[in-house]
1. What is the local net charge at Tyr154, summed over the other residues whose Cβ is closer than 11 Å to its Cβ (Lys, Arg +1; Asp, Glu -1)?
2. What lysines sit close enough to Lys104 to cross-link, taking a C-alpha to C-alpha distance under 23 Å and skipping anything fewer than 8 places away on the same chain?
3. Out of residues 5 or more away from Leu87 or on other chains, whose amide H comes under 5 Å of its own, with H placed 1.01 Å from N in the peptide plane?
4. Label Leu98 and Ala136 with points 7 Å out from Cα along Cα→Cβ: what is the distance between them in nm?
5. Arrange the peptides 104-114, 153-163 so that the one whose residues have, on average, the most other Cβ atoms within 10 Å appears first.
6. Find out how many positive minus negative residues lie around Lys104, taking Lys and Arg as positive, Asp and Glu as negative, among other residues whose Cβ is under 13 Å from that of Lys104.
7. List the residues, sorted by chain then number, that are 5 or more residues from Ile112 or on another chain and whose placed amide H is less than 5 Å from its amide H.
8. Spelling out what I want: for every residue of segment 162-168, take phi, set θ = phi - 60°, compute 6.51 cos²θ - 1.76 cosθ + 1.60 (Karplus), and round to whole Hz; glycine and proline get x.
Amino acid sequence: MHNKIIRLAMFITIIFLSLSVFANNQWTTSVSKDEMTEAETWYAFSPSVGPVKKMSFPYGDTKAWLGIGCDGEDEWVYVGFTVSPNLTGTTTRDGYDLIYTRIKWDDQIEDITLTQSWGSKFLHFTDDESVISKIAKSKSVLFELNWYGEGKVYFRFPLDGSAAAINKIRNAFTSQK
């Protein structure tokens, strides 16, 4: 969990440096380099999207993106938001919440579990390998969240170009060996 938090901090920096890439409708990639160790972490992310139905104040301008991180040893997948999601129906743990919700890959609906560190703008999937495989193989994904004061809120992420972006971040490490 601690390594994911460190990676998230690096990712936040990348997001601020690459906000302009979200303007198009393609998956993009980015790299972050640890200045001390020179270790690289690569990211692939979807275009930024708003909820299917606009939320009311203070969440009206909320955007989200689907992201995948890779450091050559581990891969992880998450949903990032411009504001910290205020979710209901979660299970509280020590420093984080468990979120039980649904996701729809093309026409296939399934139940999933995510985690959110308290106050974080990121939700992490608990089955990274399976989710990354589905991202690469699907055309779209519809993500459901039970948002405080809004009820069920849906985010639809395009997945066109995701397989190529995933391959690019993986190949960044195979070419170094």
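1. Spelling it out: positives minus negatives among the neighbours equals +3.
2. Partners found: Lys53, Lys54, Lys63, Lys121, Lys134, Lys137, Lys139, Lys152.
3. Close amide H contacts, sequence-distant or interchain: Tyr148.
4. Going by the 7 Å Cα→Cβ label model, 2.9 nm.
5. 153-163, 104-114
6. On the way: positive: Arg102, Lys134, Lys139, Lys152, Arg156; negative: Asp106, Asp107, Glu110, Asp111, Glu144.
Net local charge, Lys104 excluded: 0.
7. Those qualifying (amide H under 5 Å, at least 5 residues apart or on another chain) are Thr101, Arg102, Ile103.
8. Coupling constants for segment 162-168: 5, 4, 5, 5, 4, 4, 5 Hz.
Quick note: the coordinates plus some simple rules give every number you see, no bench work behind them. For clarity, every value in this text was computed on a predicted model and none was experimentally measured. In this analysis, Cβ positions are derived from the backbone assuming ideal geometry, glycine residues included, and neighbour counts consider all displayed protein chains.
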